[in-house]
Every structure is written in structure tokens, then in C-alpha cells.
């Protein structure tokens, strides 16, 4: 038997006529870049998430980036997230010119641990007032501003060195102001930074991005409480959590904004690249809409330095057609997950994912933990079973973020996830027979 990791064709064939009809409408209207089909999807998806505003963009990465820009995050700022996410979470922070800071995850939900978050912030408060020291947590140096797309001067100052001392020079973001002696020669940033406002941390920590990994929401109530205490914005990385619930509320609706990816393999996937942000803040939404369209709210009247991040009309139409089916698809995934968990309950050495008591998990990924992960993956492949690894290298250990100096052992839980996660086949059309076959082969290997 063949069991693919993902089967996009099965979903397409089940709604082929709807998809073709949606695309034909766009062709007939020649509304290809942004336009009415994107606007309609924005309205529908925002309503689905329980938010007032939806902003369609070109990818989930762009949604994260634009949210940070709309909040005024930039050089000298720090944004906290987790190391066991797709690298896009950290990239969005870095491309703003800010510095990512990592906090380890809860060993049961694999999402941001609120206790570790508060511990980190307490240490940052303590470290901010000590000349010649940087705050540390689980072996992490804060690295404020270092090797981001901004100046490394903030880190030098925090370490008690002057900015004139030798230090690596990093590139600057083209969207952010270049340093210069005369204000009249500077290009304005997309939005006035609020970074000069005194914050409860006293050190430039601006925001936190909890990641709703694999479709399981992070524990948002304590995270929001901590963020309020330290005057931090909260951006939900809900790129894998379309329709997931936290205490009855949709993922993406709880913080200042929520960000979604519509990469084809997602629970709600486009036929190409697309993403969106949702928010209840109309001012933030207006800013994001301007940035995504070259800084204009009226054609050729550019108020800001922006970029081109528009969603395509065809993707908007396809997503509108598919959104109607998302609740049923999510429930099918949940049914599949329950069967997997029941069948793997007595499989030696297999740790099945847990649904947190506060959550309604929508299982974008069904990842088990197993110590002999690579051997098991290879054995299942020989039996025609497709599996994935999400993600084999935590962000702080990637070559891209090696400059942070965070070695193995910095974040034990995230590193354990990277070593042990094995993602089993998961899609709505997966049959019981296929799931039973996968579990039988896992048990056979583990004996």
C-alpha cells in the first residue's frame, strides 16, 4: 500500500468544478493583482477568524513582516519567539532590522512556555541596568541588534563597548532609514517607530510572537497577561492554525494581530503562494495595506516607503471557494488524529501529540516523537509510507543564525523536538485503512 505524506490531488478532484469556476470568474473580470476577489476573501476570512480586518498578502512570511513594520519594530528592537518554528518566524524579525530572541517551549504542547517567557523578561529587566553584562536565559545572549539587518551598535552598548570598536557590519533593510548626520538626508521608515517610548523591560523588547505549532494554539491567556505587564505587542504566528481554537476563540484573534500562510499544503491552501493577517485594529490594518502596495492608499500618491506584497486575484478566489470547506476538513483531520493516537497508544517508544485542555487542535501536522526517528522514517519509506520532519534543525542552530552564538543545549525542549519529531501522513482524505497500515508498520518496527 502507498500512503503519501500529503495528497493535494485528492482535495482538488473533490472540488474541481468549484476551483475552475472560481478561476474563470477572475479571468472574466481580469482582476489579477489584488482587486475584488482578494477583498472578498479578506472579508470572509476575517469574519471566519472573528476579527474586523483582513489583509491579504503574498505569503505568511510577508504577513509576519508587515505586522512588525506596522507596529514600528526596527533596529535596536528585540522580538521574542520560539526556536522550534519554521525559520520564517525569525526571518520576519530580522528583515525588520530587529533581533530575534528565543524562549524554549512547553514539553507537552511544543508551544511557547509562558513561565520561561516571564523568566526571560525578568532577566532582561535585571540585565538592562548592568553595564558590561547582557541578559542570559538557557545559555542565550540577547544579541540585541547584532547581525540583524541593522546596526550592531545596540549590542555593543549593552556589552559596555563603544560603537567605534571593531564589530561585524551587517546589511541594512532597504525599507528602513540609513544612519546619517542630517535628518534631511534620511529616508523615512514605513512608520514612525515607537521604540523611544520607555517600556517595562527598559531595553527595547518590543513584541512576542507565539507560534501555534502544527495547529495547536499556544497558551495565550498567560502570554497576553505577561505581554501587558511588560508593554509588549503580541503577534500570533497562526500560519499552521487555520480554525484552531483557544478556549473557544479562533487562533489569530487573540493578540494584536494574527498571521496565516496559505501555502498549498496548509489546512487552507492556495494554488501558489499567499498569506494574510487579521486584526481588530483598523489603524494597523490600514498601515499594512499601505505597506503592501508601495506605501500608497491612493494610486500614485505614496505616503510611505513600502513594498509589493499584494495577494493575487486568482488566489483570493480559490481561497474563498476553499474556505467553505475548511471546518469539515479540520474535523476530518481531528478524526484522523484520534485514530492515530488510539492505535499508537501502546506502541513502544512512540509519544503521540497531546491536545492541550484549552485547545482545539486542527492537526496541520501530526508529529510523533521517537528516539530512533531517522531509522523509522527510512523503514516506513521502504513500505511506501511518506513521512516528514518538522523541523530537523531548530532556528538557533541553523547556519543563518549561527552568529547568535547559541550552541546545542541552549533550548533543550526545542532541540529534543528537532531530534525526535516524525510527521506522519495527515490530510482530510486519509482513509482509516491507510492510517491502520501506517500504525501497523510503526509497531512492527518498534518491536
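Here, each number is a calculation from the coordinates, and none is a lab measurement. Quantities reported herein were computed from a predicted structural model and do not represent experimental measurements. A quick note on method: Cβ atoms are made from the backbone with ideal geometry, for glycine too, and the neighbour counts reach across all protein chains shown.
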- Message: Sorting check: for 53-62, 409-418, which peptide has the highest mean count of neighbouring beta carbons within 10 Å, and how do the rest follow?
- Response: 53-62, 409-418
- Taking neighbour Cβ counts within 10 Å as the exposure measure, how do 294, 242, 346 sort from fewest upward? 346, 294, 242
- Message: Give the separation of the Cα centroids, the stretch 265-338 to the stretch 29-89, in Å.
- Response: 6 Å
- Tell me, 402, 52 in order of fewest to most beta-carbon neighbours within 10 Å? 402, 52
- On the formula 1/(1 + (r/R0)^6), with r taken between the Cβ atoms of residue 221 and residue 403 and R0 of 30 Å, the FRET efficiency rounded to 0.05 is 0.30
- Query: Ranking 385, 80, 19 by Cβ neighbours within 10 Å, fewest first, what do you get?
  - Reply: 19, 385, 80
- Task: Report relative contact order for the stretch 269-419 in percent, whole number only (criteria: Cα-Cα under 8 Å, sequence separation at least 6).
- Result: 13 percent
- Fully extended, how many nm does the chain gain between residue 126 and residue 247 (0.36 nm per residue separation, minus their Cα-Cα distance)? 40.2 nm
- Query: Stretched out fully, how many nm does the piece from residue 436 to residue 351 gain, at 0.36 nm a residue minus the Cα gap?
  - Reply: 28.9 nm
- Taking the Cβ-Cβ separation of residue 444 and residue 324 as r and a Förster radius of 35 Å, what is the calculated FRET efficiency to the nearest 0.05? 0.30
- If the chain between residue 301 and residue 358 were fully extended at 0.36 nm per residue, the gain over the current Cα-Cα distance would be 15.9 nm
